[in-house]
Amino acid sequence: MTSLVGSLRTRSLVARPTTLEQCREALAFCRQHNMTICARGAGRGYGDLALNDGQALLDMSGMNRILSFDRDTARIKVEAGIRLIDIYREVHHLLMTLPASPTESHSSVAGAICANVNGKDAWHHGSFAHQVVSLTLLLASGETLEIDRSHEFFNAVVGGIGLLGVIVDATLQLRPIPSPYVEINRIPTPEVDALLEKMSQIEKSHDAAVVWVDAYARGRKIGRSVIHAAKYINRKQSESRRREILQAGYERLDEHRRFGLALHEKFGPILSLMLHAQRPMMDSFNRLYFAMCQLVYAIGRSSNTELFLRFGFEASFTVPPAHLVCGPRGYTVQLTFPRSEARDAIIELIKICQSSPSPPVTTILRAHKPDDCLISFSEDGYSLNFEFHPKKRYEAASREAVDRLIDATIKRGGKIHLAKDQVLRPEQFYRVYPRYQELLKIKRRLDPEGLFTSDLARRVGIDPSLDNPST
Ligand SMILES: Cc1cc2nc3c(=O)[nH]c(=O)nc-3n(C[C@H](O)[C@H](O)[C@H](O)COP(=O)(O)OP(=O)(O)OC[C@H]3O[C@@H](n4cnc5c(N)ncnc54)[C@H](O)[C@@H]3O)c2cc1C
């Protein structure tokens, strides 16, 4: 089977279990045939973390049932392959939400756990790790292990990019909300200091935020941005009315998705050409967008009320899937840096982008909060997410600029999000995640023969057979 993630393609033998027993059989088959295996959720990562070239994949998308839901405790137990948007469909009209859901709401629960993803509410509710109550892990031996937050392996499995076993199910803690509606404020900030000052206020007053950054603005305007901030509002509606409205909301998102995919199918090459043609005009486009936002803000028309669904997830429905739009050379990189370094890091990273022949097409900033996972990219600080679509002739130069972005981030004590990485090298990985040694120790106990691996694990040098790979 050909597997497509981001712009990468590999061939693997694929098993599609619908029961725990079938998962066990797939692992036994791989052990017998001396193959490695990589569990895969929805395959929505940008990089190679759910690929296993020439080996086996365990496609968990068929294990997608809700096992139990306790309205009083707001806890839901689900099979590993269920998509986050399907949990929203089940609980949102009951005035509950699942924080830390990434823009890509089609991600599976296990994929979200293993990549420890974050949402637009990351500074508030933290990463996905904070939402997990417990999980069941199928080990290489075929036994299962119940792991709750106090278990010694919890912080290794969450964020552990699937290297310790197969997550079979998980119990998640949902949070109450006053209504499914948010008030959205779009706030332009002319440069980096204004951006950071405004963000520190927004972090106190709002529930979620995402920042469009103009990576083309230079000099005194560097860090010019528009903050999109949302806070839940009270709105009295019966449960059945909410259900109706949300149902219409999901249908609209689905329609957008179908339209985006059809557009890509019919006009894919033209869209790619338009993206290339638009690039020299990005600077002017960004200026125009910022000026419009400033004008709308000045005349007091920059706020409106929407369903949270649209604020949180619409981007993953309206544009055709990122891996289709990015084209064969497109990729993203998301870098966090500590709050104390934020100003200098933003300036330095944007300047590196500006020195590249292929600056990013989009640049997004988010605020985060730390967690205790061994491999976690969350910290008390901010992240910048850059999306690059380099032309063929600029591919090498673009990669070289990304290397500089990574090195600058590491020097400032920052991290690189593995769900959006396809370039990190072992020496960089060891510096970003020194606690991977602890992960390796646990892996040697749970998976001594190295049954579970992935292209990413091989690329960044996660190899349990090496005693001290960082030296
Ligand atoms: C348009 C777009 C927007 C995105 N926005 C965000 C965002 O806002 N924030 C963010 O953090 N990320 C974001 N992402 C990244 C995406 O949310 C993550 O990569 C997420 O992990 C994808 O989930 P998945 O189910 O597709 O996982 P996969 O890509 O299938 O797998 C991810 C990892 O989990 C492991 N895994 C999956 N299932 C299991 C299992 N049952 N047992 C053990 N291991 C398993 C895999 O081996 C792999 O290491 C975005 C991606 C796209 C394409």
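The values are calculated or read from the model by the stated rules, or taken from the named source; none is laboratory data. No experiment lies behind these values; they were computed from the predicted model shown. Quick reminder, even Gly has a Cβ in these numbers, built from the backbone with ideal geometry, and neighbours come from all protein chains shown. Accessible surface is based on the protein model in full, side chains and every heavy atom, while ligands, DNA and RNA are left aside. Shrake-Rupley method; radii C 1.70, N 1.55, O 1.52, S 1.80 Å.
Summary of values
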read-out: Accessible area per residue, Å², the chain with all protein chains present, probe 1.4 Å; value: 42
read-out: Amide H partners (placed H, <5 Å) of I167, local residues excluded; value: L138
read-out: For L451, distant residues with modelled amide H under 5 Å away; value: none
read-out: Surface share of carbon and sulfur [accessible, 1.4 angstrom probe, percent] for region 90-232; value: 49
read-out: Residues whose placed amide H lies under 5 Å from that of T97, excluding near-sequence neighbours; value: R175, I177
read-out: Backbone HN-Hα couplings from phi across region 57-65 [Karplus 6.51/-1.76/1.60, Hz, Gly and Pro as x]; value: 10, 10, 7, 8, 5, x, 9, 9, 9
read-out: Bins of 10 Å from zero: percent of alpha-carbon pairs in region 1-142; value: 11, 40, 33, 14, 2
read-out: H389 accessible area, 1.4 Å probe, all protein chains in place, Å² to nearest 10; value: 10
read-out: Per-residue HN-Hα couplings for region 21-36 [Karplus 6.51, -1.76, 1.60; θ = phi - 60°; Hz; x = Gly/Pro]; value: 4, 5, 4, 4, 4, 5, 5, 4, 4, 5, 4, 4, 9, 6, 10, 9
read-out: For region 346-471, convex hull volume per residue from C-alpha positions, Å³; value: 114
read-out: At R0 = 35 Å, FRET efficiency that the Cβ-Cβ distance of Q437 and L261 yields, to 0.05; value: 0.25
read-out: Cβ-defined net charge surrounding D455, 10 Å radius [Lys, Arg +1; Asp, Glu -1]; value: 0
read-out: Reduced Cα scattering model of region 147-283, Debye log10 I(q)/I(0), q = 0.09, 0.10, 0.11 Å⁻¹; value: -0.57, -0.71, -0.86
read-out: Label-point separation in nm, S340 to E183, each point 7 Å along Cα→Cβ; value: 3.6
read-out: Using a Förster distance of 56 Å, the FRET efficiency for D283-E25 (Cβ separation, nearest 0.05); value: 0.50
read-out: Flagged links, alpha-carbon separation over 24 Å, of K231/K420; K198/K369; K351/K420; K369/K415; value: K231/K420
read-out: Partner aspartates and glutamates for K204 [C-alpha distance under 18 Å; skip if fewer than 8 residues away on the same chain]; value: D121, E183, D193, E379, D380
read-out: Scattering curve values for the chain, log₁₀ I(q)/I(0), Debye with Cα scatterers, q = 0.07, 0.11 Å⁻¹; value: -0.35, -0.90
read-out: Within the chain: Cβ-based charge dipole about Cα centre, in debye rounded to nearest 20 (Lys, Arg +1; Asp, Glu -1); value: 1240
read-out: Protection-proxy order for peptides 235-242, 180-187, each taking the mean of Cβ atoms within 10 Å per residue, highest first; value: 180-187, 235-242
read-out: Cross-link partners of K266 among lysines (Cα-Cα below 24 Å; sequence separation of 8 or more within a chain); value: K391, K392
read-out: Karplus-derived 3J(HN,Hα), 6.51/-1.76/1.60, for each residue of region 120-128, Hz, glycine and proline x; value: 6, 9, 4, 6, 8, 9, x, 7, 4
read-out: Helical mean residue ellipticity (222 nm; -39500 (n - 2.57) per DSSP H run of 4+; nearest 500) of the chain; value: -11500 deg cm²/dmol
